[in-house]
Protein chains: 2
Amino acid sequence: MTLASFRRFLLGEPLPTARAIHERLPKYLALPVFASDAISSSAYAVEEILLALVAAGAVGLHYSVGVAAAIGLLFVLVTISYRQTVYAYPAGGGAYTVAYENLGLTAALLAAAALLLDYLLTVAVSTAAGVAAIISAFPELASYRVALCVLCIAIVTSINLRGAKESGKVFAGPVYLFVTIVAAMVVVGAVRLWLHGPPAVVPSPIGPETQALGLFLLLRAFASGCAALTGIEAISNGVPSFRVPESRNAALTLVWMAVICVVLFLGITVLAQSYGIVPDEHGTETVLSKVGYTAFGSRGVLYLILQAATAMILVLAANTSFAGFPRLASILARDGFAPHQLANLGDRLVFNNGIVLLGAFSALLIAQFGGQTHKLIPLYAVGVFISFTLSQAGMVRHWWKERTRGWPVKAGVNAVGAVATAVVLLVVAYVKFTHGAWMVLLFIPLLMLIFLQISRHYRSLARVLDVQGASVPRAIRHAVVVLVPGVNRGVLPALAYAKTISPDPEAVFVEIDPRDTAELLREWGELRAGLPLTVLKSPWRSLAQPVIQYCHSLRVEKHVDMVTVIIPEFVVTHWWHRLLHNQSGLMLKLALMFEPNIVVTNVRYRPE
Amino acid sequence: MTLASFRRFLLGEPLPTARAIHERLPKYLALPVFASDAISSSAYAVEEILLALVAAGAVGLHYSVGVAAAIGLLFVLVTISYRQTVYAYPAGGGAYTVAYENLGLTAALLAAAALLLDYLLTVAVSTAAGVAAIISAFPELASYRVALCVLCIAIVTSINLRGAKESGKVFAGPVYLFVTIVAAMVVVGAVRLWLHGPPAVVPSPIGPETQALGLFLLLRAFASGCAALTGIEAISNGVPSFRVPESRNAALTLVWMAVICVVLFLGITVLAQSYGIVPDEHGTETVLSKVGYTAFGSRGVLYLILQAATAMILVLAANTSFAGFPRLASILARDGFAPHQLANLGDRLVFNNGIVLLGAFSALLIAQFGGQTHKLIPLYAVGVFISFTLSQAGMVRHWWKERTRGWPVKAGVNAVGAVATAVVLLVVAYVKFTHGAWMVLLFIPLLMLIFLQISRHYRSLARVLDVQGASVPRAIRHAVVVLVPGVNRGVLPALAYAKTISPDPEAVFVEIDPRDTAELLREWGELRAGLPLTVLKSPWRSLAQPVIQYCHSLRVEKHVDMVTVIIPEFVVTHWWHRLLHNQSGLMLKLALMFEPNIVVTNVRYRPE
């Protein structure tokens, strides 16, 4: 009872299955839920570009707008590609589904592994960046970085366990606030630049030039900035969560999201370059924080709103994954590649087990990397671009098979997307390999192997359990034995039950201390229970061994297939009373449970 | 199987009950087992006296021999008293037994609480002092003090779990080595003193005089030194462990022990005073270590043997408690004042649960007090003297009741002992109250209360379970329901079993996802199991709730007293396969277990 009420307090009242349809999201709520990841990545993607370029000194920083423009172009390309997916797969067209239907099992499992890992990293990176925004405004919190991250993850996890619709409401405010305040910052900053020109003071000194500006450096800046693209695919995974007409609503939301992302991302980059902002290598203040207070002219109210909104959208961006990860895990579970438990709907119509798993693993990841965004980023983009590439390539194949009206154009659009993302994937894997991408390239095949092993187990089990050709179940010969620990009221229900399920039950007593036996036999005689009692010697004081031996000898003597051992138990009224009783009944049960041809039944006595 | 073999590795082969008689100890092994505590306390008791007296400066230290002589006298008195107990109670005359038989229940429980606490403190104090001896010789180990203490406790615990006889062998060496080396030190030191006079250099400077020498200070020194008396009662508790004639052997061993203790204790004190040794207030080097290297003239081999023997006997002194605590706990359990589990003999004929309990609590105590002997000492003597007083007072009453030949003399001896220990008890409680004795004075009544509550529970349960007037158990009306999670071979044994124990069993299926139902019904029809199948709706996706409701409705409809719910299970072949299956069978069982009038039976299917 207390467990149930605690659960209710944590999760809210359970929802009936029939209400699932009402949990659909309108567009204005779907945007924050599914796009918070993509939108929020502008908060750190610009910084990652600058951090890569600053290795070449002030000269390097001048290329930031160019790099950002290339990323913006890629963003538009990928969006157009995914818009076609949303229409083609109204039931949810994640990279996994698209790859499975069009490219086969291996591609699908590769996409699934990449996506799951990516959801996990999204939670870790977004939370770390959100906490970095808080620490930019309040540097004295720097020593609590990991603790703050874990706290945020715990909050987002619990919000998600309460169900999808409530999440939409919680997330709408911060996302729209962030979009508004960053747009305002870009406008105010541009006007100020136009009126007064760039600020006279350089906010912080540029470190020594460590690397010549060259193609590798530009590619690394580009690869780092590609973190801005993470989260585009979320909408295509989540089409069934949209209100009808699902595909149209999802496609519209996707376009809105792309416009917002590209505008904010380019706006921040242009301002940062114009202001000559240099990123902190050791990460005490974020680039967005520097741009913000330069644009707004002070660390006043607007600046604080910017930091607060950034922190909130980033922490809540993790929510994209809390929608996506459990959904993908449940699809994998239904297809037999992941444990079945991941497909169970919880009390609030969400996939509880997936949510808890994601929360736990991302907290571990945060702890492992000390909550540092820049240490997590190199692991990030590989998985994203694997799934982009597979998804687009799968779509090309899809159009080729379908050949609906205008298919060559659609196939062409997806082909361009596939090639572009494949090239970026190679670039990202190459320039980030030693910085951590190798871990991802090791982990993804491992995960695929686990998927295959699980699938093998379920399939072999299905074969074993197949009823084809099995004979119809018939009554069997069985003997019933009641274990009598002593003569008291606690054993009476067990004796009655034994008489109910068998015409000739027996009782046994295991003799641990021979001095007790005579008294027990006398009491048993007085009870007149009508069952024969056998005393089993136990020279080693074991309870289970003599019972098991006796059951086996019974099977031979009485020619029975199975022996039912009835263990009397009594219900304790206070939890601490449990400590006062030998848990020998439980131990005995555990020992007998693994014996073939023995069924154990507890019959409980409740003293009133 | 692996658990059993691990257990065997840890504990050794199990011993049959019949071998219990062979585990009796000859005197030369009983002495180290039961007297190591008393003998080893001379290692720290002298130090405690000096630490109390040094508050009055060099003048104070001159009184150490006087204080020690008073304690020696008390030791002889208590020994004579206990010798009478050993003869009067050959079955083991601990303070608890003597108090119970002669002074009644309250006195007995007071004695029991005091003794249990004392056994616990003996383990903690002895281990801490033993580790202090190691650290005196190797000061670089000082930062591992607590870890070393816990390691020692773990070793002693595991030795004891292997059984009493092996313990005797392990403990004999160190105890006899300690007695020999300390005796040698006293002789060599005395000869050196006689030949050369006291050493010219004072080993360490005396701190400032903080307190005037007065009665209170002398009493405190006396109270601290009374730690030397702990452990005298161990032999009287353990009489049944001696070889026949038990009482005579135990009495002889008691006298040997007293002679050894008093000689070593006084010898060390006289040397320490003659050498003008000053105790370290912050405990880097022990007094015994200082006496040792002054007497032997260097930190050579003999000095190192002394330190090693001290460390060993102290750590092993804890063994006295590992013999006494589980034995007393088992007596309390038999009398219904402690959980019955404490009376179970383990694989090696020792009381496993008591041993583990003592090991765990003493490790906690060590950790709490940072492994510092002088912080634990003030808690120590109160319990000892409570049990001394009760034991002697009980003996006076015993002689008064028995009136055997020469009873007035015997009663007089015990009366002197009782008065002396009662006075010391008051002194100890008074002078150590604020230093920690208050905790003991709070904890002992609490423990007594727990004993009484446990006894009340067992007695009320015995009344409830009494079969007097109960009607003879008869067969009852019952219905049998098989839970069908799906149609596969896993449910076939359950269906067969249901047909065996009932002429008209039923099957039920809980519908979580209505889309699965039609297929299931079709498969069920093909199976031709011969049982009716009922589909139970579950709008909240709960498995247990619909089953419980159905069982209750069955009881009304079919007029049955009880419903047996059969849950099919299948045996997994690899541990990780368990992760791949919903543990819904287990969850369901837990939910149904607490329902009255429902019996749950698992029938297992093993795929080959």
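Only the coordinates and a few stated rules stand behind these numbers; no lab work does. Because the structure is a prediction, the values reported are computed rather than measured. Cβ coordinates were reconstructed from backbone atoms using ideal geometry, including for glycine residues, and neighbour counts include every protein chain displayed.
Summary table
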| quantity | calculated |
| --- | --- |
| Ranking of B:ASP335, B:ASP561 by count of other Cβ atoms within 10 Å, fewest first | B:ASP561, B:ASP335 |
| Cross-link pairs beyond the 25 Å C-alpha cut-off, checked among A:LYS499/B:LYS499; A:LYS27/A:LYS290; A:LYS589/B:LYS589 | A:LYS27/A:LYS290 |
| Most to least packed among A:143-151, A:248-256 [average Cβ atoms within 10 Å] | A:248-256, A:143-151 |
| Alpha carbon centroid spacing (whole Å) that separates segment A:374-414 from segment A:320-368 | 24 Å |
| Kirkwood Rh, angstrom, segment B:326-366 [1 / mean 1/r, Cα pairs] | 10.3 Å |
| Likely footprinting exposure, A:THR421, A:THR180, fewest C-beta neighbours within 10 Å first | A:THR180, A:THR421 |
| Relative exposure of B:VAL76, A:VAL78, judged by other C-beta atoms within 10 Å (fewest first) | B:VAL76, A:VAL78 |
| Relative contact order for chain A, counting Cα pairs under 8 Å that sit 6 or more residues apart, in percent | 21 percent |
| Value of D in µm² per second that Stokes-Einstein yields for segment A:461-544, Kirkwood Rh from Cα pairs, at 20 °C (1.002 mPa s) | 140 µm²/s |
| Cut-off 15 Å between beta-carbons: net charge of the residues surrounding B:LEU365, Lys and Arg +1, Asp and Glu -1 | +1 |
| Karplus (6.51, -1.76, 1.60) ³J(HN,Hα), θ = phi - 60°, over segment A:265-273, in Hz, Gly and Pro reported as x | 4, 5, x, 4, 4, 4, 4, 4, 5 |
| Segment B:137-192: C-alpha gyration tensor shape, a/c 1.5 cut-off, then a/b vs b/c | oblate |
| Whether segment B:478-605 is rounded, prolate or oblate, judged on the alpha carbon gyration tensor where a/c under 1.5 counts as rounded | rounded |
| Net charge of neighbours whose Cβ lies under 9 Å from the Cβ of B:THR230, counting Lys and Arg as +1 and Asp and Glu as -1 | -3 |
| Those lysines that a straight Cα-Cα span of less than 20 Å connects to B:LYS410, excepting residues fewer than 8 apart in one chain | B:LYS401 |
| Under-5 Å amide H pairs with A:GLU569, H placed in peptide plane, nonlocal only | A:VAL603, A:ARG604, A:TYR605 |
| Net lengthening on full extension, A:LYS169/A:GLN372 (0.36 nm per residue, minus Cα-Cα) | 70.2 nm |
| Peptide B:530-542, shielding by other chains (average Cβ, 10 Å cutoff) | 2 |
| Derived scalar couplings ³J(HN,Hα) [segment B:242-250; Karplus, 6.51 cos²θ - 1.76 cosθ + 1.60; whole Hz; x for Gly, Pro] | 7, 6, 5, x, 4, 4, 5, 4, 5 |
| Degrees separating the helix A:517-527 axis from the principal Cα axis of chain A, which is the longest one | 80 degrees |
| Segment A:506-567 and segment A:137-187: distance between their alpha carbon centers, rounded to Å | 65 Å |
| Cleavage-rule hits, trypsin sites (Lys or Arg not before Pro), segment A:392-475, DSSP coil, Cβ neighbours within 10 Å at most 13 | A:ARG403, A:ARG405, A:ARG474 |
| Taking the C-alpha atoms of the protein assembly as shown, convex hull volume expressed per residue in Å³ | 228 Å³ |
| Local electrostatic count at B:VAL413 - Lys and Arg +1, Asp and Glu -1, tallied over other residues with Cβ under 15 Å | +3 |
| Rounded tilt (10° steps) of B:105-137 against the dominant C-alpha axis of chain B | 70 degrees |
| Dimensionless Rg/Rh of chain B - Kirkwood Rh, Rg from C-alpha atoms | 1.15 |
| Nearest-ten-degree value, helix A:584-593 long axis tilted from longest Cα axis of chain A | 80 degrees |
